[in-house]
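Taking it in order: structure first as structure tokens, then the write-up.
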Amino acid sequence: MTGMADLEDGPMHVVTAAAGGRLAGCLVGFAAQCSIEPERHMVWLSKANLTYRVASRAAYLGVHLLGPGQRPLAELFGGRTGDDTDKFAQARWSAGPEGVPLLAGVPAWYVGRIEGRTDGGDHVGHLLTPVASAVERGTRRGSVLTLADCLDITPGHPAG
């Protein structure tokens, strides 16, 4: 399918989750702020991903922006499946607020409380209220990895 989506070049995110002793994370292209007051964000996770299954049992998610030099991190979280790869063994991270895994060295991140979920077809939207966040000093608008930077990453799972 072609159309407007072919013209968009939004930021890519890595979404992380922890529940039931399991960690998961995946590369996400569908994420945006959706309310100013209260501040809310929506991130969409593919039903095919382990991250979706872990997030369905989680109360909080981590959402990370990647810098332009962090393509290897995008390849790890987008091109491998957590079903057969321990992505966190290959990435620097620490437990953040509410036990959410936070990736080290990213330009910005936030932890969001899940307020609700919306089935959108092959993806489920997770409505988040940020409860903690950080932006690396010197990070400026436009200094993040985008969809165009990641188009050639073969997903660890098909979209749906």
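If you take the beta carbon distance between S143 and A104 as r and set R0 to 25 Å, what does 1/(1 + (r/R0)^6) give as a FRET efficiency, to the nearest 0.05? Please list the in-between numbers first.
On the way: r = 17 Å, r/R0 = 0.70.
The formula returns an efficiency of 0.90 here.
Rank by packing, highest mean first: peptides 119-126, 101-108, 25-32, with packing defined as the count of other Cβ atoms within 10 Å averaged across residues.
Per-residue mean Cβ counts within 10 Å order the peptides as 25-32, 101-108, 119-126.
Roughly how compact is the stretch 1-72, stated as its Cα Rg over 2.2 N^0.38 Å to two decimals?
That works out to 1.22 for the stretch 1-72.
How large is the Kirkwood hydrodynamic radius of the stretch 92-136, in angstrom, based on all distinct alpha carbon pairs? Please list the in-between numbers first.
Numbers: mean 1/r = 0.0845 Å⁻¹.
About 11.8 Å, per the Kirkwood formula over Cα pairs.
Report the extension gain between E136 and R57 in nm, rounded to one decimal, defined as 0.36 nm multiplied by the number of residues separating them, less their alpha carbon distance.
Values: separation 79, 0.36 × 79 = 28.44 nm, distance 2.97 nm.
Working it through step by step, the gained length comes to 25.5 nm.
State, in angstrom, two size descriptors of the stretch 1-145 derived from its alpha carbons: Rg to one decimal place and Dmax to the nearest whole number.
Answer for the stretch 1-145, Rg first and Dmax second: 14.3, 41 Å.
Accessible area per residue, 1.4 Å probe, Å², for the chain: what's the number?
Working: 8480 Å² over 160 residues.
That works out to 53 Å² for each residue.
Which percent of the accessible heavy-atom area of the chain goes to carbon and sulfur, probe 1.4 angstrom? If you can, show how the numbers build up before the last one.
Numbers: 4440 of 8480 Å².
The value for the chain is 52 percent carbon and sulfur by accessible area.
The values are calculated or read from the model by the stated rules, or taken from the named source; none is laboratory data. These numbers come from a predicted model, not from an experiment. All Cβ positions, glycine included, derive from the backbone under ideal geometry; neighbour counts span all protein chains shown. Areas reflect the complete protein model, heavy atoms only, side chains present, ligands, DNA and RNA absent. Shrake-Rupley method; radii C 1.70, N 1.55, O 1.52, S 1.80 Å.
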